[in-house]
1. Under a crude label model (7 Å from the Cα following the beta-carbon direction), how far is residue 113 from residue 36 in nanometres?
2. Roughly speaking, what is the centre-to-centre gap between segment 120-181 and segment 94-117 when only Cα atoms are used, to the nearest Å?
3. List, in order, the whole-Hz ³J(HN,Hα) value for each residue of segment 155-163 obtained from phi through the Karplus relation with A = 6.51, B = -1.76, C = 1.60 and θ = phi - 60°; use x for Gly and Pro.
4. Can you list residues whose amide H is under 5 Å from residue 5's amide H, if they're 5+ apart or on another chain and H is modeled 1.01 Å from N?
5. What number comes out for the charge environment of residue 132, summing +1 per Lys or Arg and -1 per Asp or Glu over other residues with Cβ under 9 Å away?
6. Express in nm, to one decimal, how much length is gained between residue 11 and residue 98 on full extension, taking 0.36 nm for each residue of separation and deducting their alpha carbon distance.
7. Output wanted: per-residue J couplings in Hz (rounded whole) for segment 80-92, from phi through Karplus 6.51 cos²θ - 1.76 cosθ + 1.60, θ = phi - 60°, x for Gly and Pro.
8. Please give the charge dipole size of segment 52-147, origin at the Cα centre, charges +1 on K and R Cβ atoms and -1 on D and E Cβ atoms. Round to the nearest 20 debye.
Amino acid sequence: MSSQVCIRVATLADAEVLVVLAEQTFRATFGKDNVSENIDAYVRDALSLGGLLDELADDANTFLLTFIGAAKQPVGYAKLRTGSTAPAVHGSAPIELQRLYLDDGAIGHGIGAMLMGECLEHAQSSGHQTVWLGVWENNARALSFYRRWGFEVVGEHVFQLGADSQRDLIMMRSIAGALTE
């Protein structure tokens, strides 16, 4: 399956397919472990079509979409963001990997690794030397994935999911050296 994968930068024209994927993957990832009202509030506030259009139009953000074959609907996406850094991040020229999500059917086929590799290549080619992210402390699958990619915990912050204040771990890694897991 991975030989048929295409990853490209999203444009404003991708907003409608991106909003569908963003909501679907967020609900699949966190829905079973959280109260539905908190999931609904987050989706409404952070993953609306208007909000994603604003994010796509903002030069501080780069969205990467992942497709299999000639499919019109992406199976994954990532969002890289410049301009703000968590206090715990101490690396040079940082960029945040704010989101990396795959459709459930795409997990376990090497597609996440391809998307992460593309994120690191984009960051490096844009002049960044450090990638950082926040990940929910209870998301064991994501924590394991990021550790395989060389990310290390350097701090924590609060992630507001609706009315629930959750603990996110701040992880970072240098881009120097290998861009593979």
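1. Output for this residue pair reads 3.8 nm.
2. What the calculation gives is 12 Å, centre to centre.
3. x, 8, 8, 8, 10, 8, 10, x, 8
4. Under 5 Å from the amide H of residue 5 lie the amide H atoms of 69, each far enough along the sequence or on another chain.
5. Once all neighbours under 9 Å are counted, the net charge is 0.
6. 29.6 nm is the gain from fully extending residue 11 to residue 98.
7. Whole-Hz 3J(HN,Hα) from phi for segment 80-92: 10, 9, 10, x, 9, 9, 5, x, 6, 7, 10, x, 7.
8. Charge dipole, segment 52-147, about its Cα centre: 220 debye, nearest 20.
The values are calculated or read from the model by the stated rules, or taken from the named source; none is laboratory data. In this text the structure is predicted, and so the values were computed from the model without any measurement. When we count neighbours, we look across all protein chains shown, and the Cβ atoms used for this are built from the backbone with ideal geometry, even at glycine. Note: areas computed on protein heavy atoms with side chains; ligands, DNA, RNA excluded. Shrake-Rupley method; radii C 1.70, N 1.55, O 1.52, S 1.80 Å.
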